1. Does Val91 satisfy the criteria of being open to solvent by less than 30 Å² (accessible area, probe 1.4 Å), within 15 Å of Leu68 (Cβ to Cβ) and in a strand (DSSP E or B)?
2. Which of the strands (runs of 3 or more DSSP E) found entirely inside the stretch 94-164 contain at least 1 residues meeting this: over 27 Å from Thr37 (Cβ atoms)?
3. Quick check on the stretch 52-62. Is at least one of its residues surrounded by 14 or more Cβ atoms within 10 Å (Cβ to Cβ) and without any contact (Cβ under 8 Å) to a residue 24 or more places away in the chain?
4. How many residues does the stretch 94-132 hold that are aromatic (Phe, Trp, Tyr), surrounded by 16 or more Cβ atoms within 10 Å (Cβ to Cβ) and over 13 Å from Ala30 (Cβ atoms)?
5. Quick test for you: out of Thr37, Thr78, pick the one residue that is in a strand (DSSP E or B) and within 18 Å of Glu171 (Cα to Cα).
Amino acid sequence: MKHIFIFCFFSLVFFSGYSQKKSIDFPENALGIYKGTLVINSSKGEQEIPMEFHLKKTDSAHKFNYVLMYNNSPRNYTLIVKDKSKGIYEVDENNGIILPTRFANNTLYSFFEVQGNFLSSRISFSENELDFEILYSAKKNKITTGGISKDIPEVLGFPISVVQSATLKKE
């Protein structure tokens, strides 16, 4: 009984704090310049590089400058608002590549495949910082499990080989 009480207490504390997370008006309340260090973790070890994220207004109400900067080398993209009420956005890489993007729970998500690799990106915004993450998995490394009966479906797993993460502080 004591264990159930402790579990319920910590669940209540955890979920109470979670539900009180202040929702931001995206992208307007996320505008600014964020700086920090990107940590790249792979089978080769860990590497750290300086990183920045810039989100700024343009002349268009539905387009924003979206810049990722690694080692002071910018990648200039455009964030396009498709349906703000549904959280539907696009990241235009300004080279013919447009990534579908979703904003939910103060987080901008994108999932895509390029050259036989899956990438998942997440940028989670809070008042004065953001958490950035990219997960990388090669399709060729898929693992097949299950599928042994009609009640147990075949499941394809894709091992994550690279994790990039950063907490960037707003200037």
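The values are calculated or read from the model by the stated rules, or taken from the named source; none is laboratory data. Model, not experiment: these values are computed from the prediction. Neighbour counts run over all protein chains shown; Cβ positions are idealised from the backbone, glycine included. Areas reflect the complete protein model, heavy atoms only, side chains present, ligands, DNA and RNA absent. Shrake-Rupley method; radii C 1.70, N 1.55, O 1.52, S 1.80 Å.
1. yes
2. On the way: elements: 98-104, 107-114, 117-125, 129-138, 143-149, 152-157.
Filter on the stretch 94-164 gives 98-104, 107-114, 143-149, 152-157.
3. Among the residues of the stretch 52-62, at least one is surrounded by 14 or more Cβ atoms within 10 Å (Cβ to Cβ) and without any contact (Cβ under 8 Å) to a residue 24 or more places away in the chain, which makes the answer yes.
4. Final tally of qualifying residues: 2.
5. Thr37
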